[in-house]
Amino acid sequence: MDQASSEGVETRRRVRARVDGTVQGVGYRPFVYRLAQELGVAGWVLNDERGVLVEAEGDPAVLQAFVARLSADAPPLAEVSAVESEEIDATGEDSFEIVSSVRGGAPTAPITPDSATCDECLAELADPGDRRYRYPFLNCTNCGPRFTIVTGIPYDRPQTTMAGFAMCAACEAEYENPLDRRFHAQPIACPVCGPQARLLERDGKPVEGVQDALRTAADDLLAGKILAVKGLGGYHLACRADDEQAVSALRLRKRREDRPFALLVRDVAAARELVELTYTEEALLMSRERPIVLSRRRPDAPVAESVAPRAPDLGLMTPYTPLHQLLADDTGVPLVMTSGNLSDEPIAFDDADALERLGRIADRLLVHNRPIATRTDDSVVRVVRDRPLLMRRSRGYVPAAVGLPVTCIAPIIGTGAEQKNAFCIAAGDSAWVSHHIGDIKNYETLTSLQEGIVHFERLLEVAPVLVAHDLHPDYLSTHVAEKREEAGGVALTAVQHHHAHLAATLAEHGETGLAVGAIFDGTGYGTDGTIWGGEFLVGGLVDFQRVGHLQPVRMPGGERAVREPWRMACSWFTAMYDQLAAAEAQFPAAFADIAQERWNMVSTLVKHGTGSPYTSSAGRLFDAVAAICGVRLEVSYEGQAAVEFEALAEPGGAKPYAFRIDTGDVARSSPVPASAGRNPLILDPRPVIIAVLADLAAGVPVGAISARFHAGVAHSTAQVVALIAREAKLDTAVLSGGVFQNRLLLELTVPALEAEGLRVLVPERLPPNDGQIAYGQVAVAAARHGV
Ligand SMILES: [Zn+2]
Ligand SMILES: [Zn+2]
Ligand SMILES: [Zn+2]
């Protein structure tokens with residue numbers, strides 16, 4: 001290095017490098033600083049609204065190495081998407097500096113997701129000699145809270161919920177030292193100056209005589225108490241998972257009838273005692289995103305019966321904050337760690353609200369005084385065909401940008417669906433899909449959608465001019481869009497629900513061409529005003545054609561049929577009256593608990609159609625068949641019957657039930673998509689229902705029937721998609737919609753399509769359920785209004 005500087009200014013060169021990607025709040029500037037020190041390069045580095053800008057001056061060969069290492073050696077949380085460098089005039093600068101953030105320019109600098117505690121911080125947490133020993137809020141530039149504490153950008157401490165904590169001298173020294181792991185770590189904290197944990201009685205008074213809130217909380221848990229625990233994105237309710245009394249008490253108090261509880265385990269070794277883990281599942285469990293991973297439970301898993309009644313999987317996560325790590329280590333047992341709410345309410349994240357709502361459920365509350373800026377639920381993932389399939393994309397993933405294959409000419413909002421709502425904001429060729437908002441029929445959740453949009457607009461500093469929304473006129477997310485339009489300054493564009501599913505899947509894979517989509521979900525509003533949900537579409541980002549669908553049937557009593565799957569069975573039986581010879585087949589043993597008068601009443605609804613719209617929903621077909629098999633007559637959450645029916649399926653190959661396929665005009669007219677007036681292809685399950693009844697009458701076990709049904713849906717779907725693809729001369733198939741959260745169905749359908757020579761696209765970065773709708777809406781809007 002000395003040699004380089006002694007050669008004089010004329011042999012020195014200077015470059016300006018623009019670094020794009022996730023490079024703010026991840027220790028990128030200190031990394032550049034250390035790199036410059038190491039190589040003896042002069043210049044500066046700064047954060048701006050787009051990302052990171054570097055100027056470097058020195059020996060040409062050294063500069064080349066410096067620029068190469070800007071991406072090659074980037075710190076763990078950084079994701080460098082591009083480094084563009086150009087040569088500029090040397091200035092003779094002789095030192096390297098980190099320049100403070102500048103404002104102005106285009107708003108494309110990404111905010112980073114929260115990240116699990118890094119190994120170095122974990123080592124400090126466990127080291128009695130370290131000044132942060134057992135400190136529940138330690139973090140560094142490589143880990144810790146981000147999105148959940150951010151209130152604005154650029155990402156600096158005053159723009160986080162750490163703004164109220166003044167750094168002590170020791171922390172400040174680390175914060176200011178470019179060679180320290182905590183250089184400019186915005187949430188830097190220690191026991192002297194940072195947030196503190198406290199243990200409260202359920203009335204909000206501090207528990208007396210507590211030395212170490214975490215240790216006492218762990219003792220409470222071990223003694224069978226239920227604790228509300230303030231975490232990263234909200235409150236959890238916790239108790240030990242092997243204590244049936246505690247778990248069933250929690251279930252009762254929370255009024256969460258059957259939905260499985262997630263568990264916190266200290267590490268992968270502890271996870272292996274409960275579930276069978278594949279390599280991919282292990283990697284997800286230990287990923288910095290730390291989602292809840294659904295894996296096959298061991299038959300001898302030592303957890304209470306009430307943790308996940310009848311579920312073949314357990315949802316596990318490992319600690320993602322030091323606080324959770326301490327609880328897991330101090331108790332040494334698996335803990336139930338479920339969202340802090342009553343059934344169907346949003347998870348609590350505001351302290352006063354948590355005390356009010358959770359004080360009635362929990363025995364005590366483990367709280368802290370670092371505010372949560374944005375309520376962020378745990379993410380949930382399951383592994384299918386060795387790929388992650390997200391069921392809920394939230395903490396750890398949000399707000400990482402998802403790319404768009406088309407460029408927005410101006411910023412766009414997608415307001416999403418009504419259930420499993422997430423919204424999306426897009427600018428340029430990036431889309432930011434929000435945290436999980438939930439079911440916005442709930443007033444608080446609707447408010448959090450509206451507030452969330454405002455928060456994202458502020459973080460991204462964008463002023464959207466186009467709002468994409470669902471075609472359903474009554475969705476509250478549609479009303480949010482309309483209110484926006486009334487306030488002025490934006491135009492609206494409506495996107496059909498299943499088109500949004502198709503477009504979202506295409507867009508996340510970078511596709512702009514046409515594909516054949518099999519979109520199976522619960523319900524979505526169709527262009528004909530009926531309820532769709534078992535759809536075969538040919539389309540791309542801009543538009544689509546409904547080429548085929550499941551045979552429509554009445555949904556008796558509308559939404560009530562979602563909660564009472566036996567109604568869908570009754571609907572099919574009523575519609576098939578002529579085909580069901582035996583009188584007893586109309587009212588099989590499974591329905592013994594349904595009074596004859598109720599059955600007749602619902603059957604009358606079907607005949608007259610009163611308050612009973614037609615639906616082609618695949619989710620409702622799964623409900624009907626599960627009900628016929630006696631799996632579930634009523635459910636406490638949507639899709640429960642299908643989940644339990646899937647769980648029962650006997651492993652191994654099963655002879656598929658045969659659907660009737662009426663090809664309509666698909667095989668007769670070309671090309672597809674054809675003009676309006678064409679008869680759609682109909683996938684008719686009536687022969688399947690007759691076969692199921694015959695198998696039941698013959699005493700075939702429900703597990704075998706489930707396997708044959710799943711195989712039948714997969715087989716006929718592949719047949720239909722392949723037929724449409726041939727006629728339309730397309731080679732790409734898309735599978736999406738909430739029904740494809742069904743692992744067995746996806747595992748059977750994908751290879752069946754591949755055997756037909758088709759390339760199959762399945763959602764990977766976003767969930768196949770309505771969590772992908774807003775992104776799909778944005779992709780459609782961008783494509784329709786693109787240049
Ligand atoms: Zn760390
Ligand atoms: Zn400190
Ligand atoms: Zn949907």
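What the table shows:
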{"item": "Cα centre as origin, Lys/Arg/Asp/Glu Cβ charges: the chain dipole, Debye", "result": "1840 debye"}
{"item": "At q = 0.09, 0.14, 0.17, 0.19 Å⁻¹, base-10 log of I(q)/I(0) for segment 122-239 (Debye sum, equal scatterers on each alpha carbon)", "result": "-0.29, -0.69, -0.97, -1.13"}
{"item": "Solvent exposure of segment 357-504 as accessible area per residue, Å², 1.4 Å probe", "result": "32 Å²"}
{"item": "Amide H contacts of GLU97 (H built 1.01 Å from N, under 5 Å, at least 5 apart or other chain)", "result": "GLY43, TRP44, VAL45"}
{"item": "Antiparallel bridges, percent of DSSP beta bridges restricted to the chain (to nearest 5)", "result": "70 percent"}
{"item": "Calculated P(r) tail over 18 Å for segment 7-64, as whole % of Cα pairs", "result": "33 percent"}
{"item": "Portion, in percent, of the accessible area of the chain that falls on carbon or sulfur, probe 1.4 Å", "result": "50 percent"}
{"item": "Prolate/oblate/rounded label for segment 437-559 (Cα gyration tensor, a/c 1.5)", "result": "oblate"}
{"item": "Dimensionless Rg/Rh of segment 14-146 - Kirkwood Rh, Rg from C-alpha atoms", "result": "1.03"}
{"item": "0 to 90° range, to nearest 10: angle between helix 476-487 axis and the chain longest Cα axis", "result": "60 degrees"}
{"item": "Charge dipole magnitude, Cβ of K and R +1, D and E -1 - segment 193-317, Cα centre, debye nearest 20", "result": "440 debye"}
{"item": "Cβ-placed point charges (K, R +1; D, E -1), dipole of segment 484-601 about Cα centre in debye, nearest 20", "result": "180 debye"}
{"item": "Which of THR615, GLN640, GLY653, positive extreme of dipole for segment 606-720 (C-beta unit charges)", "result": "THR615"}
{"item": "Rel. contact order, % - alpha carbon contacts under 8 angstrom, at least six apart, the chain", "result": "11 percent"}
{"item": "Gyration tensor over alpha-carbon atoms, segment 224-360, equivalent ellipsoid semi-axes in Å", "result": "23, 17, 13"}
{"item": "Between helix 28-39 and the chain: long-axis angle, C-alpha atoms, 0 to 90°, nearest 10", "result": "40 degrees"}
{"item": "Charge-dipole axis of the chain as Lys and Arg at +1 and Asp and Glu at -1 on Cβ define it, positive-most pick from LEU753, GLY129, VAL406", "result": "LEU753"}
{"item": "For the chain, convex hull volume per residue from C-alpha positions, Å³", "result": "175 Å³"}
{"item": "Angle in degrees between helix 60-72 and the longest Cα principal axis of the chain, rounded to the nearest 10", "result": "30 degrees"}
{"item": "Positive-end residue, the chain charge dipole about Cα centroid, Cβ charges, pick of GLY630, GLN496, ALA518", "result": "GLY630"}
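The values are calculated or read from the model by the stated rules, or taken from the named source; none is laboratory data. As the structure is a computational prediction, the values presented were derived from the model and not from experiment. No Cβ is skipped: glycine too gets one built from the backbone with ideal geometry, and neighbour counts run over all protein chains shown. Just so you know, the surface numbers come from the protein's heavy atoms only, side chains and all, with ligands and any DNA or RNA stripped out. Shrake-Rupley method; radii C 1.70, N 1.55, O 1.52, S 1.80 Å.
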